[in-house]
Amino acid sequence: MFNLMKMSDLSDREIYELIDRALALKFGAAPVKRPDLLVSNLFFENSTRTKHSFEVAQHKLGLTVINFDADTSSVNKGESLYDTCQTMAAIGCDLLVIRHPKENYYDEELQGLTAPVINGGDGSGEHPSQCLLDLMTIYEQFGTIAGLKIAIVGDIKHSRVAKSNYHTLTRLGAEVIFVGPDTFAEPSLGQMVDFDEIIEDLDVCMLLRLQHERHVGTKMSDVSSYHQDYGLTQERYDRLKETAIVMHPAPVNRGAEIASHLVEADRSVIFQQMTNGMYMRQAILELVVAKNSL
């Protein structure tokens with residue numbers, strides 16, 4: 001059974017095939033409709049973009065979406081994640097999309113599950129569909145990924161987006177550097193650099209959300225101070241190359257990671273990422289359905 005849990009589940013060829021397919025769907029290609037299949041989105045963390053993007057993609061493919069609400073499910077009675085997912089499979093769901101606060105939840109919790117799974121994000125682990133829509137957006141802009149200089153700015157340590165993107169972008173030939181407070185660094189990935197020393201050389205400025213929910217009990221930097229030291233201010237924006245793009249997985253803390261008026265500035269592709277995400281998730285669903293011969 002093929003599950004998309006992490007970016008290493010995909011070959012380089014499959015990544016580029018997904019990008020090509022998502023772009024084709026965006027520009028009018030007909031989706032492969034499967035009204036005979038049932039899918040359920042099991043989100044145990046809050047989500048707007050990922051959850052509803054998957055839902056719209058599923059409707060575009062004609063899939064029947066079975067509602068699941070974690071707050072009213074038997075998880076609150078002590079049911080395990082495996083039993084919840086296997087229940088959904090047992091009653092007829094052909095495919096599951098799961099977001100869970102536990103990093104690598106799939107390594108222990110889902111062994112033996114009888115329905116294929118797409119990972120919608122696991123704690124501070126990985127976020128493959130976000131990574132793929134980011135790759136699509138970069139490729140759409142530049143026609144390549146190899147050779148680009150990309151800064152990932154913010155809370156690297158707690159970001160699943162940063163981890164998925166770093167490993168995959170590097171694997172595909174991009175140069176990835178990190179910007180942010182040293183307390184937000186992930187030593188296994190690399191050290192932080194000075195934003196102002198590299199801003200003019202960037203092809204992609206990828207901002208990350210300040211994840212307040214992952215810093216409970218710790219001292220967070222003052223938001224205005226963070227913005228001046230590590231945010232995309234108007235001054236830094238003006239120093240970007242004319243061809244550079246600004247990205248953010250959202251939700252955006254306006255005035256923290258980026259000045260509010262720059263969210264929809266000319267070089268910002270933040271909302272384009274959201275549009276691309278729906279098409280990429282269509283492509284992902286098509287791939288998982290095909291590889292599992294559903």
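Remark: I199 falls outside the filter, which requires a residue to be outside any helix (DSSP H, G or I) and open to solvent by less than 10 Å² (accessible area, probe 1.4 Å).
From the list D94, D107, D182, D134, which residue is acidic (D, E), within 13 Å of the chain's Cα centre (by Cα) and on the phi < 0 side of the Ramachandran plot? Result of the check over D94, D107, D182, D134: D134. Output the residue which, of all residues in the range 243-281 that are open to solvent by less than 10 Å² (accessible area, probe 1.4 Å) and part of a helix (DSSP H, G or I), is nearest to A57 (Cα to Cα). Per the criteria, the residue is R281.
Residues checked against (1) out of contact with any Pro (no Cβ under 9 Å at 6 or more places or on another chain); (2) modelled with pLDDT of 95 or more; (3) surrounded by fewer than 22 Cβ atoms within 10 Å (Cβ to Cβ); (4) not small (G, A, S):
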| position | (1), (2), (3), (4) |
| --- | --- |
| Y139 | yes, yes, yes, yes |
| T144 | yes, yes, yes, yes |
| H158 | yes, no, yes, yes |
| H167 | yes, yes, yes, yes |
| G173 | yes, yes, yes, no |
| P181 | yes, no, yes, yes |
| A185 | yes, no, yes, no |
| V193 | yes, yes, yes, yes |
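The values are calculated or read from the model by the stated rules, or taken from the named source; none is laboratory data. Note that the structure is predicted; figures quoted are calculated from it, not measured. All Cβ positions, glycine included, derive from the backbone under ideal geometry; neighbour counts span all protein chains shown. Each accessible area value is taken on the protein alone, full model and side chains, heavy atoms only, with ligands, DNA and RNA left out. Shrake-Rupley method; radii C 1.70, N 1.55, O 1.52, S 1.80 Å.
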